[in-house]
Amino acid sequence: MIRRARLTHSGHPYAVEPETLRVDDRGPRSFDGQTIYGISVQAFWFKGRAGTPTANVGDLWGNQVGGPVPTLEGFLAAMDTRYGGACRARWDGTSLWGPSQPAKIEEALAFLCPALDAYPAIPAGYEGWWYAR
């Protein structure tokens, strides 16, 4: 992924929350004994059809075999974006797709409603826009 200063809808743009970067050492599980790292970061993106955007929140995730513990920039630069983000909640201004627990619904709406209202701005605490190459 590469970082750009402004939002364009081509290239599947993501904004990420740097404080949520998680790197799990999964141990030496590769065939040659190298350490495998599971990496994830919370992400936000707009998506939509026919000019109607949706606000989405979820995770970008991947694995790294060997090497030093990845940084956020290193992870995003090397990320395979063919499958997109793993969406946890989506708001289109009318309906919410995502969590079913009342507390999680309120949490998702408290984040996604203002994000969609502020379209195309990046939510506070997030950095973007990161694009597929």
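Numbers at a glance
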item: Answer residue from the stretch 57-78, given it is outside any strand (DSSP E or B) and small (Gly, Ala, Ser) and is farthest from ASP24 (Cα to Cα) among those; result: ALA77
item: Whichever residue in the stretch 1-37 is farther than 15 Å from LEU76 by Cβ and assigned to a strand (DSSP E or B) and, among such residues, is modelled with the highest pLDDT; result: ASP24
item: Flag for TRP97 being buried (at least 16 other Cβ atoms within 10 Å of the Cβ), at negative phi and of a type in the set (A, V, I, L, M, F, W, C); result: no
item: Qualifying residue in the stretch 88-100 (condition: within 13 Å of TYR14 (Cα to Cα), in contact with a Phe, Trp or Tyr (Cβ under 7 Å, 6 or more places away or on another chain) and modelled with pLDDT of 90 or more); result: no
item: Qualifying positions in the stretch 13-40 - under 12 Å from the mean Cα position of the chain (by Cα) and surrounded by 16 or more Cβ atoms within 10 Å (Cβ to Cβ); result: PRO13, TYR14, ALA15, VAL16, GLU17, LEU21, ILE39, SER40
item: Among the candidates THR81, THR94, THR54, residue that is of a type in the set (S, T, N, Q) and in a strand (DSSP E or B); result: THR54
item: Among residues of the stretch 99-133, those that are hydrophobic (A, V, I, L, M, F, W, C) and over 24 Å from ALA5 (Cβ atoms), counted; result: 6
item: Residue within the stretch 64-78 that is at positive phi and crowded, with 16+ Cβ neighbours inside 10 Å present; result: no
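The values are calculated or read from the model by the stated rules, or taken from the named source; none is laboratory data. Quantities reported herein were computed from a predicted structural model and do not represent experimental measurements. Cβ: placed from backbone, ideal geometry, glycine included. Neighbour counts: every protein chain shown.
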